[in-house]
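Novice: Below you'll find the structure I mean.
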Ligand SMILES: NC(=O)c1ccc[n+]([C@@H]2O[C@H](COP(=O)([O-])OP(=O)(O)OC[C@H]3O[C@@H](n4cnc5c(N)ncnc54)[C@H](OP(=O)(O)O)[C@@H]3O)[C@@H](O)[C@H]2O)c1
């Protein structure tokens, strides 16, 4: 079965760099017409030019309902639909014990990582998907499947995103398939503090597959889910983490 997206349209939030840009490139190379979004117009413009093949962009904040509606409308008008929606933009403004988080950063994390995927899916469903069918891919994290001493707030939103994925799958089927991808540590700007230098080498060594993730690892899974190859898959959270979650831990 060919991993092709010819004739399909795709909207990718946070598509100006990192995992989102990797997915945008893969979809575009597979024949889709792609729109990317992020807050910064100049980054979007640069990324769209690099991706080429008719990739277009609109700048906006994923958490702002007026931006979300404007961009979903623009996607339908400019490239003809939203056959694939990738809710990829994410944030992590707080590191520390969850019990100590201030409500400002708690709400911000929920707004971008959880409310936005719901909002963008709602808009795309109302305006396009319920009549035309579609695929939604939510970029969660292995953090949503485990605990962490300092990333708990982020992880709570990613766990909730997995549950939102499961909840929407039966609600939106059979017209729409909704799945999540849970990456381990991927070498992007977002996670730079975790993978640069000796710390990253240690993490990589502990992974059963012996290396950290690249954006292409996630893009390959997103393409598989978006194409006909994924046509019997919905409500799933697919882990891509080099085996990080199953590595042996000291103390059993
Ligand atoms: N890297 C990892 O190790 C890792 C692991 C697990 C999960 N993830 C998840 O993967 C997704 C992508 O992460 P990444 O590592 O590729 O990050 P990244 O390299 O920092 O890219 C993030 C993208 O999202 C955009 N963005 C951020 N906040 C936004 C907002 N409020 N509104 C609109 N766009 C926004 C950024 O552009 P602007 O700054 O221009 O807005 C950029 O295009 C996130 O959901 C993250 O939680 C990453």
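The values are calculated or read from the model by the stated rules, or taken from the named source; none is laboratory data. Nothing here was measured: the structure is a model prediction, and the numbers come from that model. So basically every Cβ, Gly included, is an ideal-geometry build from the backbone, and we count neighbours across all protein chains shown.
Novice: When only residues in the range 127-147 that are over 18 Å from the mean Cα position of the chain (by Cα) and assigned to a helix (DSSP H, G or I) count, which is farthest from residue 225 (Cα to Cα)?
Specialist: 127
Novice: Whether any residue in the range 218-225 is modelled with pLDDT under 95 and more than 10 Å from the ligand (Cβ to nearest atom) is what I want to check.
Specialist: Taking every residue of the range 218-225 in turn, none turns out to be modelled with pLDDT under 95 and more than 10 Å from the ligand (Cβ to nearest atom).
Novice: Can you list the strands (runs of 3 or more DSSP E) found entirely within the range 1-112 that contain at least 3 residues being more than 10 Å from the ligand (Cβ to nearest atom)?
Specialist: Where strands (runs of 3 or more DSSP E) fall fully within the range 1-112 and carry at least 3 residues being more than 10 Å from the ligand (Cβ to nearest atom), they are 9-13, 33-38, 56-59.
Novice: While we're looking at this one, here's another question. Residue under question is residue 181, and the condition is that it be outside any helix (DSSP H, G or I), within 16 Å of the ligand (Cβ to nearest atom) and either in contact (Cβ under 8 Å) with a residue 24 or more places away in the chain or under 20 Å from residue 238 (Cα atoms) (or both); does it hold?
Specialist: Taking the combined requirement at face value, the residue satisfies it.
Novice: Report, by residue number, each residue of the range 77-90 that is touching a residue at least 12 places away in the same chain (Cβ under 8 Å) and surrounded by fewer than 19 Cβ atoms within 10 Å (Cβ to Cβ).
Specialist: Kept after step one, since they are touching a residue at least 12 places away in the same chain (Cβ under 8 Å), are these residues of the range 77-90: 78-90.
Across the range 77-90, the qualifying residues are 78, 80.
Novice: Return a yes/no flag: does the range 224-243 have any residue that is over 18 Å from residue 138 (Cα atoms), touching a helix residue (DSSP H, G or I) at 6+ places or on another chain (Cβ under 6 Å) and either buried (at least 19 other Cβ atoms within 10 Å of the Cβ) or free of Cβ contacts under 8 Å to residues at least 60 places away in the same chain (or both).
Specialist: Scanning the range 224-243 turns up no residue that is over 18 Å from residue 138 (Cα atoms), touching a helix residue (DSSP H, G or I) at 6+ places or on another chain (Cβ under 6 Å) and either buried (at least 19 other Cβ atoms within 10 Å of the Cβ) or free of Cβ contacts under 8 Å to residues at least 60 places away in the same chain (or both).
Novice: Okay, moving on. In the range 185-221, how many are more than 17 Å from residue 239 (Cα to Cα) and touching a residue at least 60 places away in the same chain (Cβ under 8 Å)?
Specialist: The qualifying residues number 3.
Novice: Being under 14 Å from residue 143 (Cβ atoms) and not in a helix (DSSP H, G or I) is the filter here; which residues of the range 185-207 pass it?
Specialist: If the condition is that a residue be under 14 Å from residue 143 (Cβ atoms) and not in a helix (DSSP H, G or I), then 185, 186 are the ones that fit.
Novice: If you don't mind, there's one more thing I want to ask. Is at least one residue of the range 191-206 under 21 Å from residue 17 (Cβ atoms) and at pLDDT 95 or above?
Specialist: For the range 191-206, residues under 21 Å from residue 17 (Cβ atoms) and at pLDDT 95 or above: absent.
Novice: Then there is this: How many residues does the range 157-173 contain that are buried (at least 19 other Cβ atoms within 10 Å of the Cβ) and either over 16 Å from the mean Cα position of the chain (by Cα) or more than 27 Å from residue 95 (Cα to Cα) (or both)?
Specialist: Residues meeting the conditions: 3.
Novice: So which of 153, 136 ends up being touching a strand residue (DSSP E or B) at 6+ places or on another chain (Cβ under 7 Å), more than 18 Å from residue 188 (Cα to Cα) and buried (at least 22 other Cβ atoms within 10 Å of the Cβ)?
Specialist: Testing whether each residue is touching a strand residue (DSSP E or B) at 6+ places or on another chain (Cβ under 7 Å), more than 18 Å from residue 188 (Cα to Cα) and buried (at least 22 other Cβ atoms within 10 Å of the Cβ) leaves just 136.
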